[in-house]
Amino acid sequence: MNKRMLSSQTPRSYSYFKKGIKGDHILEVILIIIALITLLPIYYLVNTTVRTPEQVIASPFGFPTQLDFSGYVRAWNMMNYPNVFKNNFIIAVVSVSGVILLSSMAAYAFARRPGKLFNWIFVSILIGVIMPYQVATIQLFRVLTNLHLTDTLLGVILVEIFVSVPFNVFLIKNFINSVPIQLEESAYIDGAGVWKTFWRITFPLLQPVIATLAVLDSLSVWNDFFTPLLILQTRAKGVILLEVNRNVGQFQTDWTSFFPMMILGVAPLVILYLFMQKFIVEGVSTGAVKG
């Protein structure tokens, strides 16, 4: 009886298995088509940078008959790339370091010091996640002017730090809540204070979320156009995106110079992401969104 039941069910289960394989193949084809559509603008961008204007006009999506890297040389010189890269690098490194330090210490206080006062302060900080700082542009510019921080990298760095702190505090606090408090209590018993306990016990355990936020903050600061546009005024203090924007004319745009500028601006971020993508996945999967 059991053999008959198994023999009668086997063809049906095989048909379901076969349908599942067909469904997977169809899904793979759809995903490949979506990937190709997504890569098409990237292909056009990179392809245009290694072709002459005549080749681009004759065949926008065609393969280059002869590689031409003069656009990169021209973009390098027009942007004064070493100088703007240095400014971008200083702003990004100092801003991200300041955001990580301030956010981690603030999040530790909110996570380990419960009470109405700390809750109210935490809620007030979270308002910065909801409300964009651009709504207070005039007041912000007045403050920076009174502090003599306009046209300085320090002014950009301070704005980038305080704009990024709320979101970082929110994520780090949730991650700290998942860290066993018994580890800190053991440190207290051994005579460690709050400062030593945080830096020796808690902060090393925040590596996944710290790495994730470091990459996300680096992308945000590097790609920020509005803050440098608001604060920086001279080309000596300029950043990459400001130089790219200067290439956009009122009546026409030199695309053969514009696209290489974009590649030069994005290349450091691509390299950073390739080295840090493992930490991003680890941070998200092991607690960056824990509550």
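The values are calculated or read from the model by the stated rules, or taken from the named source; none is laboratory data. These numbers were taken from a predicted model, which means no experiment stands behind them. Counting neighbours? That spans all protein chains shown, and the Cβs are built from the backbone with ideal geometry, glycine included. Calculation scope for accessible area: heavy atoms of the full protein, side chains included, ligands and nucleic acids excluded. Shrake-Rupley method; radii C 1.70, N 1.55, O 1.52, S 1.80 Å.
Restricting attention to the range 171-190, the residues that are hydroxyl-bearing (S, T, Y) and within 14 Å of A107 (Cβ to Cβ) total 1.
A residue that is in a helix (DSSP H, G or I), under 22 Å from S103 (Cβ atoms) and at pLDDT 85 or above occurs somewhere in the range 132-142. The number of residues in the range 248-291 being of a type in the set (D, E, K, R), modelled with pLDDT of 65 or more and in a helix (DSSP H, G or I) comes to 1. Please give the number of the condition D68 fails out of (1) modelled with pLDDT of 80 or more; (2) assigned to a loop (DSSP other than H, G, I, E, B); (3) of a type in the set (D, E, K, R). The number of the failed condition is (1). Of the residues making up the range 64-105, those that are within 24 Å of the chain's Cα centre (by Cα) and open to solvent by 30 Å² or more (accessible area, probe 1.4 Å) are P82, N83, F85, K86, F89, I90, V93, V94, S97, L101, L102, M105. Against the definition (of a type in the set (A, V, I, L, M), in contact (Cβ under 8 Å) with a residue 12 or more places away in the chain, over 19 Å from V270 (Cα atoms) and open to solvent by less than 70 Å² (accessible area, probe 1.4 Å)), how does I181 come out, yes or no? No. Against the test of being basic (K, R) and either open to solvent by less than 40 Å² (accessible area, probe 1.4 Å) or farther than 16 Å from I231 by Cα (or both), the options R142, R112 yield a single qualifying residue, R112.
Yes/no matrix, rows are residues, columns are (1) under 30 Å from L219 (Cβ atoms); (2) among the basic types (K, R):
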position	(1), (2)
T38	yes, no
P41	yes, no
T49	yes, no
T52	no, no
Q55	no, no
P60	yes, no
R74	yes, yes
P82	yes, no
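Evaluate the following for F167: is it open to solvent by less than 40 Å² (accessible area, probe 1.4 Å), among the hydrophobic types (A, V, I, L, M, F, W, C), closer than 18 Å to L101 by Cβ and part of a helix (DSSP H, G or I)? No, not satisfied.
Listed by first and then second residue, the pairs linking a residue in the range 31-58 that is closer than 21 Å to S257 by Cα to a residue that is assigned to a helix (DSSP H, G or I) and open to solvent by 80 Å² or more (accessible area, probe 1.4 Å), with Cβ atoms under 9 Å apart and 6 or more places separating them unless they lie on different chains, are T48/W255; P53/W255; V56/W255. Taking the stated definitions as given, is T202 open to solvent by less than 40 Å² (accessible area, probe 1.4 Å), modelled with pLDDT of 85 or more, under 23 Å from the mean Cα position of the chain (by Cα) and polar (S, T, N, Q)? In short, no.
If you filter the range 205-236 down to residues that are open to solvent by 60 Å² or more (accessible area, probe 1.4 Å) and within 17 Å of G98 (Cα to Cα), you find that the one that is modelled with the highest pLDDT is S220. Charged (D, E, K, R), in a helix (DSSP H, G or I), open to solvent by less than 20 Å² (accessible area, probe 1.4 Å) and within 18 Å of G98 (Cα to Cα): does that describe E160? Considered against the rule, which asks whether it is charged (D, E, K, R), in a helix (DSSP H, G or I), open to solvent by less than 20 Å² (accessible area, probe 1.4 Å) and within 18 Å of G98 (Cα to Cα), E160 comes out as yes. Just one of the numbered conditions (1) without any contact (Cβ under 8 Å) to a residue 40 or more places away in the chain; (2) on the phi > 0 side of the Ramachandran plot is not true of F162: (2).
Can you tell me which residue among F118, F85, F110 is modelled with pLDDT of 85 or more, closer than 30 Å to V194 by Cβ and aromatic (F, W, Y)?
F110
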